[in-house]
Each structure stands twice: as structure tokens, then as C-alpha cells.
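Enquirer: Supplied in C-alpha cells, the structure appears directly below.
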Amino acid sequence: METRSLKDIELRHLIAFTEVARTRSFTAAAESMGFTQSAMSQQIRRLERVLGHRLIDRSGGRTVTLTEAGTVLLGHAEGIQSRLESAIDDLASLTNGDLGVLRIGCYESVSTRVIPKVLKEFALRFPRIQVLLTESDDDDELLRMVETGDLHMTFIVFPLIDGPFEAATLLEDPLVLVVPENSTICEEQSEVSVDDLSGMPLIAYGKMRPEHQLETRLGRPHLSKQVIFRSNHNETILSLVAEGYAPAILTCLSVDPLRPGLRSLPITDVNPRIIGMAWHQQRPRAAAALAFVDIASEVARQIRT
């Protein structure tokens with residue numbers, strides 16, 4: 001097949017294509033972008049001609065679908081748009097001294113215990129800046145989004161993955177064994193060791209980086225055989241513990257200290273997870289982004305004390 005040159009591909013055609021893909025309609029896409037339907041169709045036909053592939057299946061009447069080639073292109077086109085939007089934001093930060101939108105990555109325990117206080121204070125200092133949160137079960141995906149420009153910064157758990165990142169440490173988040181308040185374990189001890197966990201059925205986190213898995217962090221690979229349930233949703237895990245299904249190994253931030261019926265026992269002989277914030281080392285950070293890290297650090301200090 002003939003190799004297509006980048007100079008033959010126009011950005012406006014890619015944007016028109018993503019809008020048709022989003023709306024599944026030439027009419028709706030044209031109205032959204034302020035074009036006539038014929039103009040929208042012409043742009044898609046031009047893109048198809050340049051790429052040498054049919055992208056839209058028009059046989060379904062008013063509702064259109066993507067062809068296999070269209071589905072492949074859509075992922076790339078959305079990525080290109082996202083990067084350009086990030087570039088516009090970064091350029092605006094150079095001009096205005098702050099960002100109109102700040103895109104932050106986070107995960108559940110941070111979303112529950114840290115983010116609310118950070119956003120409250122941030123909104124007081126930067127009322128005209130919108131914070132958009134992207135949540136994920138693990139920070140690997142979030143860091144890749146920082147690398148591609150889809151996020152300005154993200155909360156992380158150290159160690160960092162390889163990449164063009166810089167990071168700041170916020171706080172330590174110790175591991176705890178969560179049990180029902182009436183558990184006999186509470187009557188016998190106020191803390192537990194890793195050896196105390198031997199033979200105990202456990203609930204643990206699900207998907208995460210290998211170095212953050214329960215068995216790795218505790219230095220006991222055999223503990224995986226004791227895990228009878230895994231989930232990345234704290235509320236699910238805590239509800240199972242409260243019902244007496246099994247104890248859970250979580251971190252302090254994952255446990256609501258005001259929730260009745262549960263006790264958290266520190267696990268004494270294991271290092272805590274270290275929470276921080278990371279950003280792309282080669283991209284400028286605006287005043288608002290710098291302030292967000294400062295506010296997060298202050299909230300972290302309050303949590304530690």
C-alpha cells in the first residue's frame with residue numbers, strides 16, 4: 001500500500017472524524033461543530049481518501065458505525081486531540097501564569113481521605129481553575145497518562161516506574177489488619193506481626209503493580225495462598241470484614257476511622273507505603289500546579305498528626 005505522508009492529513013479532518021465517531025451521526029456531528037452535513041461528509045471522505053481506508057460504515061441509515069480501520073484510527077485520533085489540548089493548556093500557563101484546567105490522577109484511598117480537603121483549599125486560592133480527576137486502580141496507568149500529557153500530575157505510590165518523572169513525597173501510609181470490632185484478636189493484642197498472619201484467611205487488594213502486591217510488600221510470597229478474596233474497592237473490602245467474612249490487609253488511608261464496627265491493628269514489622277505526587281520533568285508547571293502540590297503536602301501533614 002502507498003505510504004501516506006503526514007502533510008496530507010489535516011487536523012480538522014481528524015477532529016471531524018472523532019466527532020462523528022462520538023455521536024454516531026453525521027447530522028449530530030455537523031451541528032456540534034457548526035458545519036453543514038455535506039461539509040462534514042466531505043471532510044470524512046477526504047480523510048478516507050488520504051488514508052486509503054473506509055472509516056465509516058454508512059449502510060445503517062441515520063446511525064453510522066466505525067469500520068475496523070475506523071476503530072483503529074479513533075484511538076490514535078483521540079490521543080492526538082488530547083495531546084493538543086494539553087499543549088494548549090501548557091501554553092496558556094506560560095501566558096496567564098496559571099491553568100484553566102488542572103488534570104490530576106488519583107486512586108481510591110487518596111480520593112476519599114486526601115482529595116476532598118485538597119480541593120476545598122485549592123478552590124479558595126484558585127476559584128477560576130477547574131480540577132479534573134482521573135481515577136484508576138493503580139498508578140502505573142496514571143503515570144503513563146502523565147507521560148503522554150493526558151494528566152498534569154498524579155498521586156503515586158513509590159517507587160516510581162521508569163520514565164520522565166519527578167516526584168515529591170507526601171506521607172507514609174502504614175499497613176493494618178482490619179478486623180471486626182468484636183474479634184478475639186482485639187482482645188488479645190493491639191498490633192500484629194507478619195508472622196501472626198500465618199494461616200489466617202485474608203482479604204487483599206486486587207490489581208496493582210507487582211511491587212505493591214500484598215505478598216511482595218510483606219515479604220511473604222506464600223501469603224497469596226491465604227487470600228480468599230481480592231478487590232480494589234475499599235467499601236467492598238470493609239463491608240466483607242464487618243460481616244465477619246475474613247480480616248483484610250489494607251493501608252490506614254483505606255480505612256474510614258469513623259466507621260463503626262471495625263478495628264485497625266498496625267502490622268509492626270513491615271515498611272509503610274509511601275504516597276507522593278509525580279509530574280513530567282520536562283514540562284513547565286504553572287503556579288496552580290505548584291500550589292496543588294503544596295496544598296497536598298499540607299493536608300498530608302495534617303493526616304500524619
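The values are calculated or read from the model by the stated rules, or taken from the named source; none is laboratory data. Bear in mind that the values here come from a model prediction, so they are computed numbers and not experimental data. Virtual Cβ from ideal backbone geometry, glycine too; neighbours counted across all protein chains shown.
Enquirer: So which pairs qualify, if the first residue must be in segment 240-257 and free of Cβ contacts under 8 Å to residues at least 12 places away in the same chain, the second must be assigned to a strand (DSSP E or B) and among the hydroxyl-bearing types (Ser, Thr, Tyr), the Cβ gap must be under 9 Å, and the two must be at least 6 apart or on different chains?
Expert: PRO257/SER264
Enquirer: State whether one or more residues within segment 208-231 are surrounded by fewer than 16 Cβ atoms within 10 Å (Cβ to Cβ) and among the hydrophobic types (A, V, I, L, M, F, W, C).
Expert: For segment 208-231, residues surrounded by fewer than 16 Cβ atoms within 10 Å (Cβ to Cβ) and among the hydrophobic types (A, V, I, L, M, F, W, C): present.
Enquirer: In segment 49-62, is there at least one residue being surrounded by 14 or more Cβ atoms within 10 Å (Cβ to Cβ) and of a type in the set (Gly, Ala, Ser)?
Expert: Looking for residues that are surrounded by 14 or more Cβ atoms within 10 Å (Cβ to Cβ) and of a type in the set (Gly, Ala, Ser), one finds none in segment 49-62, hence no.
Enquirer: Applying the selection to segment 258-283, what residues are assigned to a loop (DSSP other than H, G, I, E, B) and touching a residue at least 40 places away in the same chain (Cβ under 8 Å)? Spell out the reasoning first.
Expert: Pass one, segment 258-283, residues assigned to a loop (DSSP other than H, G, I, E, B): 258-261, 268-272, 281-283.
Result: PRO260, GLY261, THR268, ASP269, VAL270, ASN271, PRO272, GLN281, GLN282, ARG283.
Enquirer: Could you check how many residues of segment 232-245 are surrounded by 15 or more Cβ atoms within 10 Å (Cβ to Cβ) and not hydroxyl-bearing (Ser, Thr, Tyr)?
Expert: 7
Enquirer: Provide a single number: the residues in segment 125-143 that are surrounded by fewer than 17 Cβ atoms within 10 Å (Cβ to Cβ), more than 9 Å from the chain's Cα centre (by Cα) and touching a residue at least 12 places away in the same chain (Cβ under 8 Å).
Expert: Residues in segment 125-143 being surrounded by fewer than 17 Cβ atoms within 10 Å (Cβ to Cβ), more than 9 Å from the chain's Cα centre (by Cα) and touching a residue at least 12 places away in the same chain (Cβ under 8 Å): 4 in total.
Enquirer: Ok, one more. When you look at ARG103, is it part of a helix (DSSP H, G or I) and either touching a residue at least 12 places away in the same chain (Cβ under 8 Å) or assigned by TED's automatic domain parsing to the domain that holds GLU10 (or both), yes or no? Break it down stepwise before answering.
Expert: Working: part of a helix (DSSP H, G or I): no; either touching a residue at least 12 places away in the same chain (Cβ under 8 Å) or assigned by TED's automatic domain parsing to the domain that holds GLU10 (or both): yes.
Spelling it out, it is not the case that ARG103 is part of a helix (DSSP H, G or I) and either touching a residue at least 12 places away in the same chain (Cβ under 8 Å) or assigned by TED's automatic domain parsing to the domain that holds GLU10 (or both).
Enquirer: Looking at (1) hydroxyl-bearing (Ser, Thr, Tyr); (2) touching a strand residue (DSSP E or B) at 6+ places or on another chain (Cβ under 8 Å); (3) farther than 17 Å from SER109 by Cβ, find the lone condition where SER231 falls short.
Expert: The failed condition is (3).
Enquirer: Applying the selection to segment 284-302, what residues are in contact (Cβ under 8 Å) with a residue 40 or more places away in the chain and either basic (Lys, Arg) or surrounded by fewer than 16 Cβ atoms within 10 Å (Cβ to Cβ) (or both)? Let's see the steps before the verdict.
Expert: Initially, segment 284-302 is screened for residues in contact (Cβ under 8 Å) with a residue 40 or more places away in the chain, giving 284-289, 291-293, 295-302.
Within segment 284-302, PRO284, ARG285, ALA287, GLU298, ARG301, GLN302 meet the criteria.
Enquirer: Got at least one residue in segment 164-179 being among the aromatic types (Phe, Trp, Tyr) and more than 27 Å from ARG259 (Cα to Cα)?
Expert: Keep residues of segment 164-179 that are among the aromatic types (Phe, Trp, Tyr), which gives 165.
Checking which are more than 27 Å from ARG259 (Cα to Cα) leaves us with 165.
Yes, segment 164-179 contains at least one residue that is among the aromatic types (Phe, Trp, Tyr) and more than 27 Å from ARG259 (Cα to Cα).
Enquirer: Consider segment 164-205. How many of its residues are within 17 Å of the chain's Cα centre (by Cα) and not assigned by TED's automatic domain parsing to the domain that holds SER231? Quick ask: steps written out before the conclusion?
Expert: Residues of segment 164-205 within 17 Å of the chain's Cα centre (by Cα): 165, 167, 205.
Add one more test, that the residue is not assigned by TED's automatic domain parsing to the domain that holds SER231, and what stays is 165, 167.
Matching residues across segment 164-205 total 2.
Enquirer: With the structure loaded, tell me whether PHE158 is assigned by TED's automatic domain parsing to the domain that holds ALA289, touching a strand residue (DSSP E or B) at 6+ places or on another chain (Cβ under 7 Å) and surrounded by 17 or more Cβ atoms within 10 Å (Cβ to Cβ) or whether it fails that test. Show your work before the answer.
Expert: Values: assigned by TED's automatic domain parsing to the domain that holds ALA289: yes; touching a strand residue (DSSP E or B) at 6+ places or on another chain (Cβ under 7 Å): yes; surrounded by 17 or more Cβ atoms within 10 Å (Cβ to Cβ): no.
It is false that PHE158 is assigned by TED's automatic domain parsing to the domain that holds ALA289, touching a strand residue (DSSP E or B) at 6+ places or on another chain (Cβ under 7 Å) and surrounded by 17 or more Cβ atoms within 10 Å (Cβ to Cβ).
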